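I have placed the structure first, in the form of structure tokens, so that the comments after it can refer back to it.
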Amino acid sequence: MEIWWAFLLLGAVVGFVAGLLGVGGGAIMVPVLTTLFAMLNFLPGQILHMALGTSMASIILTSIASARSHQQHQAVLWPVVRLMSAGIVLGTFSATFIAARIPTLPLAIFFSVFMAYVAVQLLLNVKPKPSRQLPGAVGMTATGFGIGSISALVAIGGGSLTVPFLTWCNVRVQQAIGTSAAIGLPIALSGSIGYAVAGWHQVGLPPFSLGYIYLPAVLLISAVSFFTAPLGAQLAHRLPVATLKKIFALLLIGLSAKMLHTLFAG
């Protein structure tokens, strides 16, 4: 029962942070799910892939709730979402099959290195100098493909890449966060399908799994994150978030280190 309560608490934290910062859903979920799945005695070689797939599926409702709340503040640039979605869907779906074929050790190292990049970005409060306008349709599609591919490999909603890209293109930060939240939906949908298909014929998966997606965790996390994501999104339009970003960055570093210890201590 402690594990089920942990899934619910994880959903509460993930939803709030995702709504507040436009990043963080998978960044928190993957390390925590890795630890919880190890406690549930999942096969060691499948733990990280299950965490990635489950995290991606859990982002679906979170991104819907977060995007709806940001839309109420007129902070979602839907033309940008439409232009990037095709590339995002293709990149995310394709990269899930790459992730499924990468052994646990290099995949975990890639995840941790990427989270370190995100943490440094947040700690230093990096704000790319607005120096240009949004590219054309081809450029937006290509950017979406790149963001989707990396997002699938680390099971995030893409905010840690989308928000800096949009602010670099002179998009106001609140609109960048809101648009990133909406872009998280096609990432989550295509990534979930990809991880489900990639893990479909794997032997030894736990009961109630859909490929690399552990459905009980998805249901419990989503049931709570759907309600906490709007709370974070509302605060994103009221509070300066620089200090919260620094706290979140330190949390990312700690969670990634804990994940590596869980996977490789033995």
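Scan I183, I177 and give me the residue that is touching a Leu at 6+ places or on another chain (Cβ under 8 Å) and among the hydrophobic types (A, V, I, L, M, F, W, C). Residue meeting the stated conditions: I177. Of the helices (runs of 4 or more DSSP H) contained entirely in region 148-266, those carrying at least 2 residues that are crowded, with 21+ Cβ neighbours inside 10 Å and touching a His at 6+ places or on another chain (Cβ under 9 Å) fall at 173-198, 215-236.
Six or more apart or on different chains, Cβ atoms under 6 Å: show the pairs whose first residue is in region 241-252 and aliphatic (A, V, I, L, M) and whose second is modelled with pLDDT of 75 or more. If the second residue must be modelled with pLDDT of 75 or more, the pairs left are A249/A119; A249/L123; L252/A27; L252/M115; L252/A119.
The values are calculated or read from the model by the stated rules, or taken from the named source; none is laboratory data. Since the model is a prediction, treat every value here as computed from it, not as a measurement. Because the Cβ atoms are built from the backbone with ideal geometry, glycine has one as well, and the counts that use them run over all protein chains shown.
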